[in-house]
Amino acid sequence: MMLEASGLHKVYGDKLILDDERLILEEGDKAALIGVNGCGKSTLLKMLAGKDDPVSKMQKKDTRIHLMTQEPEFEKETILEEIQFRSAQNRIPCEDYELQSVLSRLELADSTQKIANLSGGQKRRLSLACALISDAEILFLDEPTNHLDNDMIQWLEGELSRTTRTILMITHDRYFLENVCSRIFELDRGHLYEHLGNYDQYLEAKQTRLDQEAAARRKLENIYRKELEWVRAGVQARSTKSKSRLDRFEELRSARKKEQEKNLDLSLQASRLGSKTIEWKNIAFGYGDTPLFHDFSYHLKRNDRLGLIGPNGCGKTTFLKLLSQEMQPDQGVFEIGDTVKIGYFRQDYSFEDLNTRVIDYLEEDAAVIRSSRGVETASSMLERFMFDKGQHYLPIERLSGGERRRLYLLKVLIQAPNVLILDEPTNDLDLITLEILEDYLDDFAGIVVTVSHDRYFLDRICDFLFVAQEDGTWKQYIGGYSDLLVYREHAKNTQASKEKVQKGSWKVQPANRLNSKEKRKLKELPEQMEKLEAQIADLNDEMNNTTDFHQIDELSSQRDVLEQQLSEMEMEYLELLEKEEQCDK
């Protein structure tokens, strides 16, 4: 046993956060803490670390704990001074090369930078670096993958998987949960539920628990119904009964109300999108003498699901600002249809006044809101977004970080956009909200353009990706993030084979020459690919010229099949070309 905390109890206002719960961490555990926004996850980490209402706990003698919070605090002026200061606090300080290696991995190589001048994301990465170089046996990490690009996340996965330290982290990254964690704690309405295994096993175990709870609720409903009939029988019938039975009925009613689960409801309507969407041509942009990208062109089709990925600083967020017309490109143009209505969910959004009441913030744009249910008030919509009535008149500063993001998401969606621009939408949103958001985007009658480091989200939502290249261009790939990894692995293997041939480590034998069937295929494929490209272009035109959503779905499915065939043909053609080149050498 590495740490055991018992009697975990916390009440915030009239909200029960922890109801005398118990948590045990074994040595070497890789555990996650999950739950809906505002349930108290960050509070629990702080309590375990002794920062907020310290709790009674037992831990291994002389065990050191490091807490990484979402709002980091630093002691020194520059990155280098801070990281050296943290290293000096270790029982065995880190070598300079170890410090520089971690900073480089997290794109903080310029260690002379002043911390005050760092962006919010850079400060979070510096906080993560401080955690990784600490000699603490227990790490408490609050959303460690936020503000990391995909390559950094994969590197961090490896670091945490290999370490012998005990880790308890809050994260919404489902692939991260799957690949790193062997134990998951779920905080749900004041109670901690422990699940052994990774994320897939957690989902199975949770479904079993929910089924058991549903059975218990059905039993409670039956008892409640019988007691309700007795209560309604009239004063004369009740007078012959004991008062204790009336008290029992009140207890049943309270228990029934407590067991009713709140579900996030995203059944909001989008504005109608006409045949002309958005097209951008030869877009280029840079800051001063630093170009970011150039010659970027694309014509958005209705119902497109497009993802942008690349390393930090390549211009992903900048492009979204250009697309939303918040900024203007250095070169190129955006052509936007008259019916296009953009909803922009920003990564760096900040509330103008945290003292604004929750309901007033929502009513700034609409006192009444149109949804699939008809016209609704801001108050009813807040309840459907898991804000109970007690929160409606609270100042925004009283909400948790995740609750603020959920409120902001509601603000964007109630304006009925038909083009959604989502910049890191998964940051600080809980798993339940993410799953419901993904379901909503599946049925969203419009276009989605997103930047995200969440690999599961990219796989779940995107039909294709634009990946930033080192030369400042964007390269398109069909599919989500996992499809991109498969393509990269194939390209890597192909390149390795090429290099092997070029080095002369083996020679292509006559038996490896193209046979007659392959030669014929090599000759026919370009024409076949041209035909497929023409068919895809025709389907795109048809989709742009119809407003029938059922027809659009059918045409989109046909396009997906053709694009898959085209991708396979392109791959086969490249392989045959490479084989022909090898034969000629």
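Yes/no per residue for (1) within 22 Å of L362 (Cα to Cα); (2) in contact with a Leu (Cβ under 7 Å, 6 or more places away or on another chain):
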| position | (1), (2) |
| --- | --- |
| D423 | yes, yes |
| D428 | yes, no |
| L437 | yes, yes |
| V448 | no, yes |
| R460 | no, no |
Review point. Would it be correct to say that N303 is over 27 Å from G402 (Cα atoms), open to solvent by less than 60 Å² (accessible area, probe 1.4 Å) and touching a residue at least 60 places away in the same chain (Cβ under 8 Å)?
Key: yes
Check your understanding: So which residues in the stretch 12-22 are under 30 Å from the mean Cα position of the chain (by Cα) and closer than 14 Å to D188 by Cα, if there are any at all?
Key -> K15, L16, I17, L18, D19, E21, R22
Check your understanding: Is it the case that some residue within the stretch 92-104 is in a helix (DSSP H, G or I) and β-branched (V, I, T)?
Key -> yes
Revision key, fill the gap. Over the stretch 156-182, the set of residues over 14 Å from F140 (Cα atoms) and among the charged types (D, E, K, R) is E157, E159, R162, D173, R174, E178
Review point. Can you tell me which of L187, L192 is in contact (Cβ under 8 Å) with a residue 40 or more places away in the chain and crowded, with 22+ Cβ neighbours inside 10 Å?
Key: L187
Review point. If only one of R174, R183, R165 is at negative phi and touching a Lys or Arg at 6+ places or on another chain (Cβ under 8 Å), which one is it?
Key: R183
Exercise for review: Count, please, the residues in the stretch 75-100 that happen to be open to solvent by less than 100 Å² (accessible area, probe 1.4 Å) and within 19 Å of N117 (Cβ to Cβ).
Suggested key: 9
Check your understanding: Given the conditions (1) under 21 Å from L148 (Cα atoms); (2) of a type in the set (D, E); (3) in contact with a Gly (Cβ under 8 Å, 6 or more places away or on another chain); (4) modelled with pLDDT of 90 or more, and given that D454 satisfies all but one, which numbered condition is not satisfied?
Key -> (3)
Check your understanding: Is it true that Y193 is touching a strand residue (DSSP E or B) at 6+ places or on another chain (Cβ under 9 Å) and at pLDDT 90 or above?
Key -> yes
Check your understanding: Which of the residues spanning the stretch 3-15 are open to solvent by 10 Å² or more (accessible area, probe 1.4 Å) and modelled with pLDDT of 85 or more?
Key -> E4, S6, G7, H9, K10, V11
Check your understanding: List pairs: first in the stretch 383-401 and in contact (Cβ under 8 Å) with a residue 24 or more places away in the chain and more than 24 Å from S267 (Cα to Cα), second among the β-branched types (V, I, T) and buried (at least 17 other Cβ atoms within 10 Å of the Cβ), Cβ under 6 Å, 6+ apart or cross-chain?
Key -> L394/V358
Exercise for review: Answer with yes or no whether L25 is open to solvent by 20 Å² or more (accessible area, probe 1.4 Å), within 22 Å of L177 (Cβ to Cβ) and at pLDDT 90 or above.
Suggested key: no
Practice item. Kindly indicate whether L220 is modelled with pLDDT under 65 and over 25 Å from the mean Cα position of the chain (by Cα). Key: no
Exercise for review: Check off (1) surrounded by fewer than 21 Cβ atoms within 10 Å (Cβ to Cβ); (2) not in a strand (DSSP E or B) for L362 and give me the number that stays unchecked.
Suggested key: (1)
Study note, to complete from the structure: Restricted to the stretch 128-184 and to residues being under 26 Å from D52 (Cβ atoms) and of a type in the set (D, E), the residue surrounded by the fewest Cβ atoms within 10 Å (Cβ to Cβ) is D135
Check your understanding: Taking the stated definitions as given, is L128 within 23 Å of G313 (Cβ to Cβ) and part of a helix (DSSP H, G or I)?
Key -> yes
**Study point:** Search result, residues across the stretch 306-331 that are over 29 Å from L429 (Cβ atoms) and surrounded by fewer than 17 Cβ atoms within 10 Å (Cβ to Cβ)
**Key:** Q328, D330, Q331
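Per-residue answers, yes or no, for (1) modelled with pLDDT of 80 or more; (2) assigned to a helix (DSSP H, G or I); (3) open to solvent by 80 Å² or more (accessible area, probe 1.4 Å):
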site: L525; (1), (2), (3): yes, yes, no
site: Q528; (1), (2), (3): yes, yes, no
site: A537; (1), (2), (3): yes, yes, no
site: D553; (1), (2), (3): no, yes, yes
site: D560; (1), (2), (3): no, yes, no
site: Q564; (1), (2), (3): yes, yes, yes
Exercise for review: Please verify whether the stretch 44-60 includes one or more residues that are modelled with pLDDT of 90 or more, out of contact with any Phe, Trp or Tyr (no Cβ under 6 Å at 6 or more places or on another chain) and surrounded by fewer than 20 Cβ atoms within 10 Å (Cβ to Cβ).
Suggested key: yes
Practice item. Go through the stretch 431-488 residue by residue and tally those that are among the basic types (K, R) and free of Cβ contacts under 8 Å to residues at least 12 places away in the same chain. Key: 2
Revision key, fill the gap. For Q201, the lone unmet condition from (1) on the phi < 0 side of the Ramachandran plot; (2) at pLDDT below 65 is (2)
Exercise for review: For the stretch 105-125, name all the residues that are in a helix (DSSP H, G or I) and over 26 Å from the mean Cα position of the chain (by Cα).
Suggested key: I115, A116, N117
**Study point:** So L106, is it surrounded by 15 or more Cβ atoms within 10 Å (Cβ to Cβ) and either modelled with pLDDT under 90 or in contact with a Lys or Arg (Cβ under 9 Å, 6 or more places away or on another chain) (or both)
**Key:** yes
Check your understanding: Out of (1) open to solvent by 20 Å² or more (accessible area, probe 1.4 Å); (2) over 30 Å from G274 (Cα atoms); (3) at pLDDT 85 or above, what's the single condition that is false for G504?
Key -> (3)
Review point. In the stretch 147-206, which strands (runs of 3 or more DSSP E) lie fully inside it and hold 3 or more residues that are in contact with a His (Cβ under 9 Å, 6 or more places away or on another chain)?
Key: 183-188
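The values are calculated or read from the model by the stated rules, or taken from the named source; none is laboratory data. Just so you know, these numbers come straight off a predicted model, no measurement behind them. Please note: Cβ atoms are built from the backbone with ideal geometry, for glycine as well, and neighbour counts cover all protein chains shown. The accessibility values were calculated without ligands, DNA or RNA, using every heavy atom of the protein model including side chains. Shrake-Rupley method; radii C 1.70, N 1.55, O 1.52, S 1.80 Å.
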